[in-house]
Amino acid sequence: MPGATVGGMAVRAIRGATQIDADSRDLVLEATAELVREVLERNALSTDDLISVVLTATPDLTSEFPAYAARQAGLSDVPLLSATEIAVPGAMPRVIRLLAHVETDLPRPAVKHVYLRGAAALRTDLNH
């Protein structure tokens, strides 16, 4: 069977992103919590299914670490990492991205990637 397994379950990666209107600590906290919640809900996951989560922010977001926001949103015992996206000219501004590594029985095609708010334009190929 292709792909890594842990205890008979597959390890899958789930992507997500959201865009906020301004570099505000409250907006980073709110949007990151919403993104985490939607990734878990849409994929029928609990925090126990999470292996690790990498969160990035575009360089114009400096008011709070997205990983701190995820921790406040309930990911208290999940390894988290915040990083800065590359400053590509013309890239969508004020975007928080997520890459979650999870244990799940979902086959790869059934994994639901989550793009919220303005970030939905990043993945027009997905059904939001």
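No value in this document is a laboratory result; all are computed from the given coordinates. Predicted, not measured: the structure shown is a model, and the values here were computed from it. Note: ideal-geometry Cβ built from the backbone for every residue, glycine included; neighbour counts use all protein chains shown.
When the stretch 94-128 is examined, which residues are found to be loosely packed, with under 15 Cβ neighbours inside 10 Å and either among the basic types (Lys, Arg) or under 14 Å from Val28 (Cβ atoms) (or both)? Across the stretch 94-128, the qualifying residue is only Arg108. Against the test of being of a type in the set (Gly, Ala, Ser) and either under 26 Å from Ala10 (Cβ atoms) or within 13 Å of the chain's Cα centre (by Cα) (or both), the options Ala91, Ala100 yield a single qualifying residue, Ala100.
All conditions but one from (1) touching a Gly at 6+ places or on another chain (Cβ under 9 Å); (2) within 24 Å of Arg123 (Cα to Cα); (3) surrounded by 12 or more Cβ atoms within 10 Å (Cβ to Cβ) apply to Val53; the one that does not is (1).
Here is a yes/no grid of residues against (1) out of contact with any strand residue (DSSP E or B) (no Cβ under 8 Å at 6 or more places or on another chain); (2) without any contact (Cβ under 8 Å) to a residue 24 or more places away in the chain; (3) small (Gly, Ala, Ser):
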site	(1), (2), (3)
Asp48	yes, yes, no
Ile51	no, no, no
Leu61	no, no, no
Glu64	yes, no, no
Ala73	yes, no, yes
Asp77	yes, no, no
Glu85	no, no, no
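Within the stretch 20-32, the residues that satisfy the criterion of being aliphatic (A, V, I, L, M) and crowded, with 17+ Cβ neighbours inside 10 Å are Ile20, Leu27, Val28, Leu29, Ala31.
Each residue in the stretch 78-92 was checked for being in a strand (DSSP E or B) and buried (at least 17 other Cβ atoms within 10 Å of the Cβ), and 2 of them qualify.
Criterion applied to Thr32, Thr58, Thr84 was being within 11 Å of the chain's Cα centre (by Cα), closer than 16 Å to Gly16 by Cα and not basic (Lys, Arg), and the one residue passing it is Thr32. When the stretch 93-122 is filtered for residues that are part of a helix (DSSP H, G or I) and either free of Cβ contacts under 8 Å to residues at least 24 places away in the same chain or closer than 21 Å to Leu75 by Cβ (or both), the ones remaining, listed by number, are Pro109, Ala110, Arg117, Ala119, Ala120.
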